[in-house]
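The next block holds one structure in the form of structure tokens; read it before the comments.
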Amino acid sequence: MKKCLAIILIVFMAMVSVTGCIFQSSGENENKRFAGDNITFEYPASWVIAKSQANDTIVAVADPKSVNPQTGYAQTLVVIQKRGLESDFYYMYNQNYATLFNNSNYRRVSEGNITIGSLNALENTYIVTENGVKKKHRAIWIRRGYEVYVILCSALDSEFEKERANFDIIINSFKFIE
Amino acid sequence: MIKKRNELLRRLKELERDRQEGKISKNRYNKLKRDYERELEAIKVAEKIKRMQGRSTSEKPLDHWIEKAKEEDENREKEELVKKYVKEPAHMKKTEKSRKALKVIGVVLLALAFFIGSGFGFYLLNLGSKQTDNVLVNESAFPTFTINNTTSNYTYGTPSYYNTSKSNEPTPPTTPTTPTTPTTPTTPTNSSG
């Protein structure tokens, strides 16, 4: 009788736990949504909202599995920043990258115009090498009125292509809330 | 009336027994028997009248009541014998108690399992969201970095551009201070007068 009860107990606990795991794993297939500060976008369910130490950050999302234990910072992430427009959008863009590529750690990969939904944007892809670590960045600049929004996608150079689908989830779902 | 009839029947039985045992004389026996039978006859007549009037009466014969009394006595004796000689074994009592205890333990364990299992499930569910506060990022689309030059230190990047634009704003002119009024000279005093 006691053995029977113990078996029932174990089976019951396993059932509840497995149900919880299934529920969790099923949730991983769906995207999460961020909405705030006049913007909204979807991001992978396994990612989390991260604390950004960069200025002008609206929100940052990151893959918690990519946290570097030595530095404590996530390496696969998307940061969305906002700044007031300085005279001209293109001037501001060019000024920023002229300063950036003046530094030998920064190397331009590509740049061009893209369309996100109904929004025209500028895209700049570059590689940063710091302390022997190569990181690839894809920055998308969007002008909205007198404000400039930048979606910065970042990952280790070796991981960037793998994460492209996750970055696209965020970029393609990015919208302004009226 | 039934009670009285039964009483008379019982007396008649006793009378028969006494006569057989020789406890009573033949004359007295005949006399008592005649009296009882007369009374019984009167009761039967009364019952017949009642039946004719439509009142309910006991239709059961005397033997029925005697049999019933016998059955009751037998049952009572059986019960006494069972109580006296047939005892419930101790281990049977114990198993009954232990069964009840096990039922209670089972219910408690199931409730515990439910709460522990649910708690564990929720723990697994919340495992991912707990990481939210721990993840830090330091990447920026507008990075600032300082390079050391032999002549001076420069800070590159747009934040410096932002800051310098504010610092270059002209400072508002200072308001002039009002001139102090000259003091009136004191008149000299004539000592020669």
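The values are calculated or read from the model by the stated rules, or taken from the named source; none is laboratory data. Not measured: the values here are computed from a predicted model. Virtual Cβ from ideal backbone geometry, glycine too; neighbours counted across all protein chains shown. When the accessible area is computed, the model is the full protein with side chains, heavy atoms only, and any ligands, DNA or RNA have been set aside. Shrake-Rupley method; radii C 1.70, N 1.55, O 1.52, S 1.80 Å.
Some notes on this structure:
- Per the accessible-area calculation with a 1.4 Å probe, the total area buried between chain A and chain B rounds to 3800 Å².
- Calculated [222 nm] ellipticity per residue, helices only, for chain A: -10000 deg cm²/dmol; basis is -39500 (n - 2.57) per DSSP H run with n ≥ 4, divided by all residues, nearest 500.
- When the convex hull of its Cα atoms is viewed from all sides, region A:80-141 shows a mean projected area of 4.9 nm².
- Measuring r between the beta carbons of A:F101 and A:N55 and using R0 = 22 Å, the FRET efficiency lands at 0.60.
- Relative contact order, whole percent, for chain A stands at 20, derived from Cα pairs under 8 Å and 6 or more residues apart.
- Annotation: region B:8-48 has a Kirkwood hydrodynamic radius of 10.6 angstrom, from the mean reciprocal C-alpha pair distance.
- Accessible area of region A:58-104 belonging to carbon and sulfur atoms, whole % at 1.4 Å probe: 47
- Rg of the Cα atoms in region A:66-178, relative to 2.2 N^0.38 Å, amounts to 1.09.
- Label-to-label distance, A:K134 versus A:N68, with points set 7 angstrom from Cα along the beta-carbon direction: 1.5 nm.
- Near the amide H of A:A50, within less than 5 Å, lie the amide hydrogens of A:A60, A:V61, A:A62, all on another chain or at least 5 residues away, with H placed in the peptide plane.
- Using a Förster distance of 30 Å, the FRET efficiency for A:L119-A:L156 (Cβ separation, nearest 0.05): 0.60
- Annotation note: GluC sites (Glu not before Pro) in region B:27-79 located in DSSP loop regions with a Cβ neighbour count of at most 15 within 10 Å are B:E59.
- Computed FRET value (nearest 0.05) for B:L62 with A:A6, which takes r as the C-beta separation and R₀ as 45 Å: 0.10
- Principal semi-axes of the equivalent ellipsoid, √(5λ) from the alpha carbon gyration tensor of region B:26-79, are 28, 23, 5 Å from largest down.
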